[in-house]
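A short write-up of the structure that comes next.
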There are 2 protein chains.
Amino acid sequence: MTAAVLCTGTELTRGELFNSNATYLAEALTALGFEVGALDAVDDDDQRIVRALERLGKEHDVLVCTGGLGPTTDDLTSECVARVLGVPLERDETSLEAIRRRVERVGRTLTASNAKQANFPRGASILPNPNGTAPGFSVKLGRAAAFFLPGVPLEMKAMFAASVVPAIQPLVADRSHQTLLRTFGLPESEVNDRLAGLDTAHDVTIGYRARLPEIEVKLLARAPTADAARARAAAAAAEVRARLGLDVVYGEGDTSLPEVVCRLLEAQSLTLALAESCTGGMVAELVTNVPGASRSFLGGVVAYSNAAKTELLGVDPTLIERHGAVSAEVARALAEGARRRFGSDLALAVTGIAGPDGGTPEKPVGLVHWAAASDAGIEAKHAVFSGNREQVRRRSAYAALALLRRVVLRSSVQP
Amino acid sequence: MTAAVLCTGTELTRGELFNSNATYLAEALTALGFEVGALDAVDDDDQRIVRALERLGKEHDVLVCTGGLGPTTDDLTSECVARVLGVPLERDETSLEAIRRRVERVGRTLTASNAKQANFPRGASILPNPNGTAPGFSVKLGRAAAFFLPGVPLEMKAMFAASVVPAIQPLVADRSHQTLLRTFGLPESEVNDRLAGLDTAHDVTIGYRARLPEIEVKLLARAPTADAARARAAAAAAEVRARLGLDVVYGEGDTSLPEVVCRLLEAQSLTLALAESCTGGMVAELVTNVPGASRSFLGGVVAYSNAAKTELLGVDPTLIERHGAVSAEVARALAEGARRRFGSDLALAVTGIAGPDGGTPEKPVGLVHWAAASDAGIEAKHAVFSGNREQVRRRSAYAALALLRRVVLRSSVQP
């Protein structure tokens, strides 16, 4: 079973917008078990749209199209589909009423442009759009079951899940289940090596996605029943955890490392403070991006200048003189200082050289020290991270959060 | 003159990777003056690649392809192009030598897979790749001048600029020049309204791109000479600045708002400190992401808890009791406290309710107060921002930086 995606819009072909819809649909169709053969985008040109529809409808079993359902003259999808099918456009009164209600709810009156959104090729099945004015529709187009959705990602995704998935899932004989494991701390090549042979052993497909500084491992299992597919993915996931270790595989699905850390802190009623130098607030930003972070996170100091390190966090100036601001000693003192200053259970500190300037032969760009302070004492680590300033900072922030996770997990298993 | 982009790779059609190459090439080809009619991606399937090449070569004047030039069996581009042209593959000895040198420089020896990268369709012109092993090539494919580049963005972009642009620029009669203006503070619809008619008045094309929380305005001018195109774009840019105001149009090209602020501070030898509540370190993160930020930025406090606000920044607890932590009074006190604590020339403070919880009828989610303290006193502003937690935080951080920019600009024009 092959599938294709067609996205229309001159804003795409002019490069004004990233085509995130295409990637989303490609991933979702792959996870359902389709072989996605084409991800095409064309501008708002009726002839090019018509030709693309004819071609993709002939070559694929499923076709998902986005865009061109809006109220303006640029929105040509319904008209082009009608032309390919050789049928007229017909008004759907139920859709028109829904559009009218939606428009009037925000205090406007229905215009001819709005009304145009209720016109569909004769014989089309209407797909409701709970989040916007433009309904979608589906038709048989050549060989393909074809679905037409709006280009607004929020609307498109909801309609894909509600209307398209139930219609196309029966087309693939096997049910599929995808498990996404999130890892941090190993390079992609090593993750790859350590998981060698796991795909054949568990009859799953393994996919990788590098989202700096993480490597996501996707396990896609297919089986005659949904339960069997789920069980197969779960068995493969258990082996991935065993092979990579729980320090590396920190979570599953959409849950980010900062979220995992916040949930752990909250579950144990622990409070956190931060002291950041080279990450410059990035760790705090990651933590506070988690809703409810305020239940555990007391605050942090971005101690960029040495004066800030000594005056706000009580780091002994002779320590900085003797070892330099980027050193294990200062990382420890920063963590200790933050813990004391905020009166928190735990504190995390990062100091390093993010570059592009400031490196020396002894302390190159990318050298970063980080430390976590708790009741059990202070644990410090360091590394020389590669990449540009932004990448060094991201790797540092994640490394610090990974250390914090380990410290909290360890404290929780103690008596 | 129409152009098309074809990207090959199963990692794209499976949705494992965002197709940033397509967007980059679409924007660059549009800026050169081409009408981009198709941005297609196909998986690593030789038949689908061949069909796409035949079709796009027939329909367009220029075709730029990326991917499939690597050493593995999945890399099929040269072979597919040779099949479409009906010519054999031939080894290019100069390319083979360059690949051998590159491979040996990193301590490996040339394999048959590497050597395959020196095979090109007979008659092709080789395009050197200074940043990687895989050279590109160009051929005439149907109607199109067709260019084949590697999929690695860094390599692709350098080769596009060095080899493709000089070859295709002569195809468009007019020279073009694009100016990108960066704006913050007005919604897209209002930017749009205020610039109504400017395109016809200056004979330019206006494009918008929303990059939350900014709106970028792209002015594309075409003229018989490069100088005339540049002059036309400059005249249009001057009118955009006049219509939107210099508070809104803060920069041009790649220069971000944090970068503009850092450059202003550095030029006037001013130092900065921060006090953040709802933005949780985001302002600090944005500022310290600018290389050289340490020359102006002393540090900041992420005062998430009320205790942190009073103890680290000296905010009077009765002020918080009386007005609440999210208030103009506390924003002012935070800015003043940060300025005093760090001994900086300027300080910026943000306090607000980012959501999703914590709102009340009087103080809804999205309410944010921010303040800038300087020698000239304290200036405070507030707004109710829309969007989710992440969006409220981003809008708040940018609003605070925009206020800081105005305060610095104002101080610099004073005697």
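The values are calculated or read from the model by the stated rules, or taken from the named source; none is laboratory data. As the structure is a prediction and not an experimental result, all values here were calculated from the model. Note: ideal-geometry Cβ built from the backbone for every residue, glycine included; neighbour counts use all protein chains shown.
Just a few scattered comments:
- Hey, residue A:108 surrounded by fewer than 17 Cβ atoms within 10 Å (Cβ to Cβ), more than 9 Å from chain B (Cβ to nearest Cβ) and either more than 24 Å from residue A:167 (Cβ to Cβ) or touching an Asp or Glu at 6+ places or on another chain (Cβ under 9 Å) (or both) or not: yes
- Strands (runs of 3 or more DSSP E) fully within the stretch A:326-415 that include at least 3 residues being crowded, with 20+ Cβ neighbours inside 10 Å and either aliphatic (A, V, I, L, M) or free of Cβ contacts under 8 Å to residues at least 12 places away in the same chain (or both): A:346-352, A:367-374.
- Any pair with Cβ under 6 angstrom, 6 or more apart, that starts in the stretch B:204-223 at a residue that is under 19 Å from residue B:398 (Cα atoms) and within 11 Å of chain A (Cβ to nearest Cβ) and ends at one that is in a strand (DSSP E or B) and among the basic types (Lys, Arg): B:216/B:182; B:216/B:209
- Tallying residues that are in a helix (DSSP H, G or I) and polar (S, T, N, Q) within the stretch A:135-182 yields 2.
- Residues of the stretch B:128-178 that turn out to be over 21 Å from residue B:81 (Cβ atoms) and over 25 Å from the mean Cα position of the chain (by Cα), as a count: 4
- Counted residues, the stretch B:246-277 - those being closer than 26 Å to residue B:190 by Cβ and part of a strand (DSSP E or B): 4
- Hey, residue B:40 acidic (Asp, Glu), under 30 Å from residue B:204 (Cα atoms) and in contact with a helix residue (DSSP H, G or I) (Cβ under 7 Å, 6 or more places away or on another chain) or not: yes
- Every pair of residues 6+ apart whose Cβ atoms lie under 9 Å, when the first sits in the stretch B:26-46 and is within 21 Å of residue B:224 (Cα to Cα) and in contact (Cβ under 8 Å) with a residue 40 or more places away in the chain while the second is among the small types (Gly, Ala, Ser) and in a helix (DSSP H, G or I): B:28/B:161
- Residue B:186 vs. criteria part of a helix (DSSP H, G or I) and either of a type in the set (Val, Ile, Thr) or within 21 Å of the chain's Cα centre (by Cα) (or both): no
- Members of the stretch A:173-192 that are farther than 19 Å from residue B:16 by Cβ and surrounded by fewer than 17 Cβ atoms within 10 Å (Cβ to Cβ): A:173, A:174
- Screening residue A:256 with (1) within 14 Å of another protein chain (Cβ to nearest Cβ); (2) closer than 30 Å to residue A:238 by Cα; (3) buried (at least 20 other Cβ atoms within 10 Å of the Cβ) gives one miss only, at (3).
- Test: residue in the stretch A:203-221 that is in contact with a Lys or Arg (Cβ under 7 Å, 6 or more places away or on another chain), surrounded by fewer than 18 Cβ atoms within 10 Å (Cβ to Cβ) and on the phi > 0 side of the Ramachandran plot: yes
- When we screen B:230, B:243, B:222 for residues that are assigned to a strand (DSSP E or B), farther than 30 Å from residue B:296 by Cα and of a type in the set (D, E, K, R), the only hit is B:222.
- Residues that are part of a loop (DSSP other than H, G, I, E, B), surrounded by fewer than 19 Cβ atoms within 10 Å (Cβ to Cβ) and at pLDDT 95 or above within the stretch B:111-134 comprise B:122, B:123, listed in sequence order.
- Residue within the stretch A:309-323 that is in contact with a strand residue (DSSP E or B) (Cβ under 9 Å, 6 or more places away or on another chain) and among the small types (Gly, Ala, Ser) present: no
- Filter result for residue A:130 (in contact with a Leu (Cβ under 8 Å, 6 or more places away or on another chain) and in the same structural domain as residue A:72 (by TED's automatic domain parsing)): no
- Odd one out for residue A:242, checked against (1) surrounded by 20 or more Cβ atoms within 10 Å (Cβ to Cβ); (2) free of Cβ contacts under 8 Å to residues at least 12 places away in the same chain: (1)
- Selected residue (criterion: surrounded by the most Cβ atoms within 10 Å (Cβ to Cβ)) from residues of the stretch B:264-291 that are small (Gly, Ala, Ser) and more than 7 Å from every other protein chain (Cβ to nearest Cβ): B:275
- Counting only residues that are within 7 Å of another protein chain (Cβ to nearest Cβ) and either of a type outside the set (A, V, I, L, M, F, W, C) or within 15 Å of residue B:393 (Cα to Cα) (or both), the stretch B:293-302 holds 4 of them.
- Failed item, numbered, when residue A:310 is tested on (1) surrounded by 20 or more Cβ atoms within 10 Å (Cβ to Cβ); (2) more than 35 Å from the chain's Cα centre (by Cα): (1)
- Residue list for the stretch B:313-329, filter: away from chain A (no Cβ under 14 Å), aliphatic (A, V, I, L, M) and within 35 Å of the chain's Cα centre (by Cα): B:328
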